[in-house]
Structures are given as structure tokens and as C-alpha cells.
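Scroll down for the structure; my scribbles are underneath it.
The values are calculated or read from the model by the stated rules, or taken from the named source; none is laboratory data. Here the structure is a predicted model, which is why all the values come from computation and not from measurement. A quick note on method: Cβ atoms are made from the backbone with ideal geometry, for glycine too, and the neighbour counts reach across all protein chains shown.
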Amino acid sequence: MVFGVLHKLPPEKKINLAISVAGFYRDEDWGCSELFSEPYDWPKIKQQAKKISIIWSPDDPYISKEQTDYLCSQLNINPLIFPNKKHFNLEAGQEFKQFPELVEIIKKS
């Protein structure tokens, strides 16, 4: 998860862009509790990237609006909302073999 990576980066290492697609901040019994073994230092995370984007779909069966709202509030950003995209994976449809909107976000940054 991008926030765990940013949290652990040395302060002198900065990146231009971090993007979280269908991101989360707590384990929902998905077997990834090691990602959350220590609380995130949100001010540090914000400093490690020049820009952070969060991408979310309201019909995501796994990531709630509450999870997305929490992340956005910690980072003081607004989410990029993509309706009807579920979890942005092949379970949502074959269209997610590619994600051209994500490529455009990267190109514009």
C-alpha cells in the first residue's frame, strides 16, 4: 500500500506523485494486518510526495466511503471519484486490463 511505503521512506527521499487506487487504512480481515503494525505518521506521509491522489468508486464492494473519507481527511485532499468502476480489477470487468484514466492522471502530474 502506497501509504505504508511513504510512511517508511527516509525524510530525504521524496517522490513526485503517489496514487492510491481503492486504498484503505485498516485491515478488514483481509490478512494484511502487518501493513498496519504501527500507526501512520500522516504529516510525514504528506511531506514525502509532492502530490497524492486517491481514486475511489462509490460501488466498490470492499472499500467504504468512510475509509476513503478518512484517508482524504488525513491528507487534506479530495478523492478522484470514478462511478461504476467497483474495485478497479478484473472482477469488475475486462476493461481493467488497462486503466487509461490512470495513465492520464500520471501524465498530467
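Would you say Asn16 is among the polar types (S, T, N, Q), in a loop (DSSP other than H, G, I, E, B) and at pLDDT 95 or above? Criteria not met by Asn16. Looking across region 45-88, the residues that are more than 14 Å from Phe99 (Cβ to Cβ), in contact with a strand residue (DSSP E or B) (Cβ under 9 Å, 6 or more places away or on another chain) and in a loop (DSSP other than H, G, I, E, B) come down to Pro58, Ile63, Ile77, Asn78, Pro79.
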